[in-house]
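Taken together, the values in this text are just the output of simple stated rules run on the coordinates, not laboratory data. Model, not experiment: these values are computed from the prediction. Neighbour counts run over all protein chains shown; Cβ positions are idealised from the backbone, glycine included.
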Amino acid sequence: MKFASLILLILGGIIDSLSAERNEVVGSADSVFAFAGEDVILPCLVKPNISVVDMKVEWFRLDQEYSVVHLYEDHVDRNTEQIQSYKGRTELNHQQLQTGNASLRLSAVKVSDEGRYKCFIQSSSWSDDTTIDFKVEAVGNPPVITVDGFDRSGGLHLLCESEGWYPEPDLEWLDSKGVRLSPESTETQRNTDRFSVKHTFTVHQRDGKIHCRVRVRHHMLEALISSTSNMYLYWRTSVIVISVVIVIAGILISVAVFKYREHRRLQHENSRMKSGNQSTRRKPRRTREEQASPH
């Protein structure tokens, strides 16, 4: 009996060992993408499908030191040491744990959530893990094109700007035929976790459509402006009128300043004259005795 029990124990250990070798934790070979603000599922499955209810399931960040994203152990979620920014935003489906599905649901995705995640599963006889590359995108405001004047050659200066993007977006100008145009200046700024872009371009064609296109990995927004001869005439006339107004305003201001200074000068001279007259009137007369007495 002892020998038979020993044989059964050995066979059981071999079976458990072979079973453990066959179990594998898998995730996603490709990067997982999500837009900021939406919910996402980070995949983590055990193949073949076995229950992981009695196992330890731990999600953490590989790009941060000791960064617990979610911990399931002893049949409950234990998130006392969870990263603060993930509080209330992570969830495991406990029913799906019975089928080996330990995928993590992450709600209200933030740009700061982007990174490399590891799903680690451990039983009493085996353990395995998988790595997930998670990418976040934030779609910014639609681009806005404004006319910023014209140069001496008659070209219109166009400015295209947009903000609120992640990662850093590409901004490009295209003509009516879809041919890419080279911007003359580019300005990119990062505010906290979002990017804003500004590009300028000078267009010389009198009639046509100019597109300003801003894109990230999976999303694109576009603005359109139609350049016409009337637009050139309008802006040229506007600039001439504004220039004339500025010149006239400058002349009027100069005249007003001159008159003001002349007025102050006259006031100052009158004040001095009055002060001199008062001093003369207050000067005392000498008595006859003082006039007769020798010095």
Coordinate range along principal axes, alpha carbons of the stretch 144-227, Å, largest first: 40, 25, 17
For the stretch 22-137, the Rg and Dmax computed from alpha carbons only, in angstrom: 13.3, 40
Cross-link reach list, lysines versus residue 274, counting only Cα pairs under 22 Å and skipping chain neighbours closer than eight places: 283
Cross-link partners of residue 87 among lysines (Cα-Cα below 26 Å; sequence separation of 8 or more within a chain): 56, 110, 118, 135
Dipole of the stretch 144-227 [Lys/Arg +1, Asp/Glu -1 at C-beta], most positive-end residue of 218, 149, 192: 218
Projected label distance in nm at residue 41 and residue 74, using a 7 Å step from Cα toward the beta-carbon: 3.0 nm
Ranked list, fewest to most other Cβ atoms within 10 Å of each Cβ, for 252, 158: 252, 158
Distance in nm between pseudo-label sites at residue 53 and residue 31 (7 Å out along the Cβ direction from Cα): 3.8 nm
Cross-link partners of residue 177 among lysines (Cα-Cα below 24 Å; sequence separation of 8 or more within a chain): 198, 209
Full-stretch length increase - residue 215, residue 253 - with 0.36 nm per residue and alpha-carbon distance subtracted: 8.8 nm
